[in-house]
Structure formats: structure tokens, C-alpha cells
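Worksheet for the structure shown next.
The values are calculated or read from the model by the stated rules, or taken from the named source; none is laboratory data. Remember, predicted model here, so these are calculated numbers, not experimental data. Cβ sites come from the backbone with ideal geometry, for glycine too, and all protein chains shown count toward neighbours. Note: areas computed on protein heavy atoms with side chains; ligands, DNA, RNA excluded. Shrake-Rupley method; radii C 1.70, N 1.55, O 1.52, S 1.80 Å.
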Amino acid sequence: MERYDTNDVPDPFACSMEAAKSLAVRLSAPETADLDHAAVERLIETEGREILRRFFQDHLDLRALREEHDPPSQTVVGADGAVRPHREIGHARQLTCLFGKVTVTRCAWRSRGRGNVHPADAALSLPRGRHSHGIKRLAVREAVRGSFTQAVAAITDRCGRVLGKRRAESLVVQAARDIDAFYREKI
């Protein structure tokens, strides 16, 4: 028989659900009924993007909570082969994703004189920089269609202000380098 979870844990997605309900209330309000379809569409686009960002943030917060309460069963080892025996909670980094900016909080595994290891970064497959793989993919897709200015405008229309022109240029250049390395590896 499966054990019941008796912990009194609040719903990790309560804030996101509240934001979704708030949007539903705004859409059913008499003032919104007076708006034309384009204004309603913009309202849903901007508020909807924020709701998606909140869901993503809530998911990341839940993962951080789980990592904090359930450390890995095996020893954490860094890329240098050295064991990291000490855990420190609350390490955070920013991630700019398709929905906006979120904060990834995770545990750092430490050892004196060695760099920290963050197993959650690997589990989430986080990029080295601040921009998500989705933003990078979108930047490349839009850049091949026209200029970098047009690419940034298209990304801003879809995701909000998450990327500047110079950063878009560098993401596309990085992606091009990855392609060369990929083909060199295959040959």
C-alpha cells in the first residue's frame, strides 16, 4: 500500500493559478467587453506571457525545494574528479527564457579550494550564459530571415524585451561556432 503524504505543503503553483484567474476576471469585466479584438489580443498576449513566466518560475522553485530536501543519493563529483562533500543551499542565477526572466535557485556542492558544482544546472541542461536555449534558437531563426535589428524586433514582439541587438549577434555567432564543431566531430 502506498504511503500518504501528510506534509502540509502549499500548492507550488498557487501564484500562477491566481494570475490565470485574475486574467479570466479581467477578460470577463465590462470594461474589457468595450475593447476591440486587437486590444483584447494584446492583453492576453502580455498577461499570458507573464502567467507562463510565473508557471516556469514556480516549477523552478519547486525543483529547488526538492533538491534542498532530497539531496542526491550518490556522492557529488566535479569535472576535476574531486568529491564535493559540502552542500550549500540558496545559490541563484538568472535565466532569460521565452517568457521573460526567471531565477534558478539551486544547491552548490563545495570543497575547500575547488569550484562549486551545481547538479541542478546539469539536470536542467542550463546554458553557460543567461539566455535559454529557446531564446538562442529563436535568435538564430529570426537572424537568418533578415537583419539583427529585425530579429530583435521579432523576438521582442513574441517574448517581450529579453534580448538586445548586440547580444542577439553574439548568440548567433556562438551558434555558428557550435555548428562548425559539430561537423568537425562528425568528420
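For the chain, the square roots of the Cα gyration tensor eigenvalues, ordered a ≥ b ≥ c, give a/c of at least 1.5 with a/b no greater than b/c, which places it in the oblate category.
Summary value for the chain: 14 percent relative contact order, contacts being C-alpha pairs under 8 angstrom separated by 6+ residues.
Legend: calculated FRET efficiency, THR156 to ARG114, from the Cβ-Cβ distance at R0 = 41 Å, rounded to 0.05, equals 0.50. Taking label positions 7 Å along the Cα-Cβ direction at both LYS165 and ALA79, the computed distance is 3.4 nm, reported to one decimal. Per-residue ellipticity at 222 nm computed for the chain from its helices equals -18000 deg cm²/dmol, with DSSP H segments shorter than 4 residues left out and the rest contributing -39,500 (n - 2.57).
In the chain, what percent of the accessible surface is made up of carbon and sulfur (1.4 Å probe, ligands and nucleic acids excluded)? Show your work: numbers first, answer last.
Details: 6760 of 12880 Å².
Ligands and nucleic acids excluded, carbon and sulfur give 52 percent.
In the full protein context, the chain carries 69 Å² of accessible surface per residue, based on a 1.4 Å probe and ignoring ligands, DNA and RNA.
Taking 0.36 nm per residue of separation and subtracting the Cα-Cα distance, full extension of the segment from ARG184 to THR149 would add 9.5 nm.
With a Förster radius of 25 Å applied to the C-beta separation of ARG93 and ARG177, the computed FRET efficiency comes to 0.65. With each label modelled as a point 7 angstrom along the Cα→C-beta vector, the ASP36-GLU68 pair spans 4.9 nm. What is the distance, in nm, between label points placed 7 Å from the Cα along the Cα-to-Cβ direction at SER125 and at ILE44? Distance between the two pseudo-spin positions: 3.1 nm. Counting Cα-Cα pairs of segment 128-178 in 10 Å increments starting at 0 gives whole-percent bin shares of 29, 63, 8.
Ordered from highest to lowest accessible area with the whole protein assembly present and a 1.4 Å probe, ARG130, ARG63 read as ARG130, ARG63.
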